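Have a look at the structure below before the remarks.
Each value in this text was obtained by applying a stated rule to the coordinates, not by laboratory testing. Everything quoted here is computed from the prediction, not taken from an experiment. Backbone-built Cβ (ideal geometry, glycine too); neighbour counts: all protein chains shown.
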Ligand SMILES: C[S@@+](CC[C@H](N)C(=O)[O-])C[C@H]1O[C@@H](n2cnc3c(N)ncnc32)[C@H](O)[C@@H]1O
């Protein structure tokens, strides 16, 4: 029973440091799952249903800058680079980022990934810098060290607010994560709605409250007369 729980749910950060970072990076199933979720997130981010009128049309051409939150060993960033986007990968663990650096040295195509060692909760970017944000299987951890529900809500609100600030005015974001419960899903969701995002949610399994969840979020655009 304990083994199953550990297998399914990473014990952050133990599952991503030292030899675990190596293991993660060498795991074919992990790479496949991360890349599959990234491709789905990309499909969602450019989905016209999220906002479909000329005034609020999104940027789909030119130099597009993606922020990959909790980029790990770079599986999601690799997909973004393959598609021709500029990418900044942020992760809190040097061991994970080192794996991306090793890949950058080996593969010319990955040169374009810029790496920043930082906490999603304290991002070092100026306002309106980023076109799109994705976060694949990492956002669960933003409340990792936060004690009670009230503090979790406060952390989530502060982080959602800062993500809204760093996105450009037609910016979009897809957060793919695994809420542990209905309450967790609700507090994560609400933190975005409260902080100037709008959008909708897609569940990996619509019958499950917890489990894989995609939050498709659009930075609200205010029109001044
Ligand atoms: C499952 S891995 C991410 C996988 C990544 N999408 C990829 O393609 O490899 C989760 C990552 O989130 C990172 N992480 C957890 N909490 C974080 C935080 N507060 N700030 C930045 N990164 C964080 C972990 O260090 C870990 O590398």
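If packing is taken as the mean number of other Cβ atoms within 10 Å per residue, what is the order of 101-113, 28-40, 182-194, 208-220, highest first? Display every interim value, and only then the final one.
On the way: 101-113: 13.5, 28-40: 15.3, 182-194: 17.2, 208-220: 19.1.
Descending mean neighbour count gives 208-220, 182-194, 28-40, 101-113.
How would you rank 63-72, 17-26, 159-168, highest first, on the average number of other Cβ atoms within 10 Å across their residues? Could you put the intermediate results ahead of the total?
Values: 63-72: 22.5, 17-26: 14.9, 159-168: 19.9.
So the order, starting with the most tightly packed, is 63-72, 159-168, 17-26.
Order these by the 10 Å Cβ neighbour count, fewest first: 96, 201. Don't skip to the answer; put the middle values down first.
On the way: 96 25, 201 13.
By the 10 Å Cβ count, ascending: 201, 96.
Could you work out how far the C-alpha centroid of segment 106-152 sits from that of segment 184-215, in angstrom?
What the calculation gives is 18 Å, centre to centre.
Zone of residue 128 (label point 7 Å along Cα→Cβ, backbone N under 13 Å): which residues in segment 148-169?
165-169
Let me know the Rg and Dmax you get for segment 97-225 when you use only its Cα atoms, in Å.
Every Cα atom of segment 97-225 included, Rg and Dmax give 16.0, 53 Å.
Would you mind giving the three semi-axes, in whole Å and largest first, of the ellipsoid equivalent to the chain according to its Cα gyration tensor?
Values: eigenvalues 134, 101, 54 Å².
After diagonalising the Cα gyration tensor, the semi-axes are 26, 22, 16 Å.
Could you state the principal axis extents of the C-alpha atoms in segment 114-183, from the largest down, to the nearest angstrom?
32, 23, 19
Residue 107 to residue 149: FRET efficiency via 1/(1 + (r/R0)^6), r the Cβ-Cβ distance, R0 30 Å, to the nearest 0.05? Don't skip to the end; give the middle numbers.
Numbers: r = 44 Å, r/R0 = 1.45.
Efficiency computed from Cβ-Cβ geometry: 0.10.
Pull up the DSSP beta bridges for the chain and report the antiparallel fraction as a percent, rounded to 5.
Numbers: 13 of 32 bridges.
Once the DSSP bridges in the chain are tallied, antiparallel ones form about 40 percent.
For the residue pair residue 198 and residue 32, what label-to-label distance in nm results when each label sits 7 Å from Cα along the Cα-to-beta-carbon direction?
Distance between the two pseudo-spin positions: 4.0 nm.
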